[in-house]
1. Could you identify the single residue in S21, S80 that is part of a helix (DSSP H, G or I), of a type in the set (S, T, N, Q), in contact (Cβ under 8 Å) with a residue 40 or more places away in the chain and open to solvent by 60 Å² or more (accessible area, probe 1.4 Å)?
2. Can you tell me which residue among Q101, Q107 is over 13 Å from the mean Cα position of the chain (by Cα), buried (at least 17 other Cβ atoms within 10 Å of the Cβ) and not basic (K, R)?
3. Do we find a residue being buried (at least 19 other Cβ atoms within 10 Å of the Cβ) and touching a Gly at 6+ places or on another chain (Cβ under 7 Å) anywhere in region 205-219?
4. Identify the single condition in (1) at negative phi; (2) touching a residue at least 40 places away in the same chain (Cβ under 8 Å); (3) buried (at least 23 other Cβ atoms within 10 Å of the Cβ) that L89 does not satisfy, given that it satisfies every other one.
5. What helices (runs of 4 or more DSSP H), lying completely within region 123-211, carry at least 3 residues that are in contact (Cβ under 8 Å) with a residue 40 or more places away in the chain and of a type in the set (A, V, I, L, M, F, W, C)?
6. Working only within region 27-64, note down all residues that are within 17 Å of E143 (Cα to Cα) and not in a strand (DSSP E or B).
7. Considering only residues that are aliphatic (A, V, I, L, M), open to solvent by 10 Å² or more (accessible area, probe 1.4 Å) and under 17 Å from the mean Cα position of the chain (by Cα), look in region 144-182 and name the one that is modelled with the lowest pLDDT.
8. Restrict the check to region 57-64 and report whether at least one residue is touching a residue at least 24 places away in the same chain (Cβ under 8 Å) and open to solvent by 50 Å² or more (accessible area, probe 1.4 Å).
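The values are calculated or read from the model by the stated rules, or taken from the named source; none is laboratory data. Since the structure is predicted, the reported quantities are computational estimates derived from the model, not experimental observations. Here Cβ is always computed from backbone atoms with ideal geometry, including for glycine, and neighbour counts include all displayed protein chains. For the accessible areas, the whole protein counts, side chains as well, though only heavy atoms, and no ligand, DNA or RNA atoms are used. Shrake-Rupley method; radii C 1.70, N 1.55, O 1.52, S 1.80 Å.
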Amino acid sequence: MTLSAFIRNHEIRGQVAFPLSEVREATGLSAKTLATELQRQVAHGRIIIPYRGFYVVVPPQYALKGIVPPTYYIHELMKSVGKPYYVCLLSAAAFHGAAHQRAMQTQVMTVAPRIRPSGMNKQLDWNYRQQIPQELLLSRNAEMGVVLYSNAELTAVDLVQFAGHVGGYQRAATVLSELIDAVNASKMAKVFPYTTSATIQRLGYILEFVLEEKEKADELYQQLKAYSPRWKKVLLSNWEAENGDAQANRWHVNPNIEIEIDEI
């Protein structure tokens, strides 16, 4: 089977992607010849390479732009890589309706070791945590297959824990202001095993003093006290010096930066 026939066969069967091992077995081409043919198909816009050894067939609706949204193939890619994942941070917030601060790339959370993306695809922003909380993930139908993404509660925590990955606490708080209606405060404790008390303290401070969500802040406070009765004092931002003039608060957070919500 020729490479063109192989790609066409995948296309008509609705199969979005294929690994190098599969195409090598189907075509019987030598490694050198196959590499040359694959690069020719990339140059012609028939396939893209989001990850080494993993190829995505470009569907007709994306042929003109030559760019395939990562949600089209991310589930298949992570199956091929053999890693758990979820769409996270700004990309997950957009799934929950907080789309005004949309990320330029699709943000994906997985586990170490780090993934080395293909230089031909800059659409994926990789983020890492020690463990993927499968029970806190939601799925939605994509164009082909499904996409896993964090629920609203995990998304809220991630925005604070990984604030540096979304442009800082001001942007994180702005997204939280859109996301907060989707957050069920009574379910926040389910996220605690996957984060730190410091993260929840910062989130609580932002809810209470920045977003003025007193009711949800109260619920979060009670859950954190039950989960971890004694907390250490923390800086709101570890990137700035302590604010010696700051007033004490129940979250034991030193507000050493000012956070203002962007207009939406």
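1. Values: S21 fails: in contact (Cβ under 8 Å) with a residue 40 or more places away in the chain.
Result: S80 is the single residue among S21, S80 that is part of a helix (DSSP H, G or I), of a type in the set (S, T, N, Q), in contact (Cβ under 8 Å) with a residue 40 or more places away in the chain and open to solvent by 60 Å² or more (accessible area, probe 1.4 Å).
2. Numbers: Q107 fails: over 13 Å from the mean Cα position of the chain (by Cα).
The unique qualifying residue is Q101.
3. Yes: one or more hits.
4. (1)
5. Answer list for region 123-211: 152-161, 169-179.
6. If the condition is that a residue be within 17 Å of E143 (Cα to Cα) and not in a strand (DSSP E or B), then V58, P59, P60, Q61, Y62, A63 are the ones that fit.
7. V146
8. Restricting attention to region 57-64, the residues satisfying the condition of being touching a residue at least 24 places away in the same chain (Cβ under 8 Å) are 57, 59.
Checking the rest, the ones that are also open to solvent by 50 Å² or more (accessible area, probe 1.4 Å) come to none.
No, region 57-64 has no match at all.
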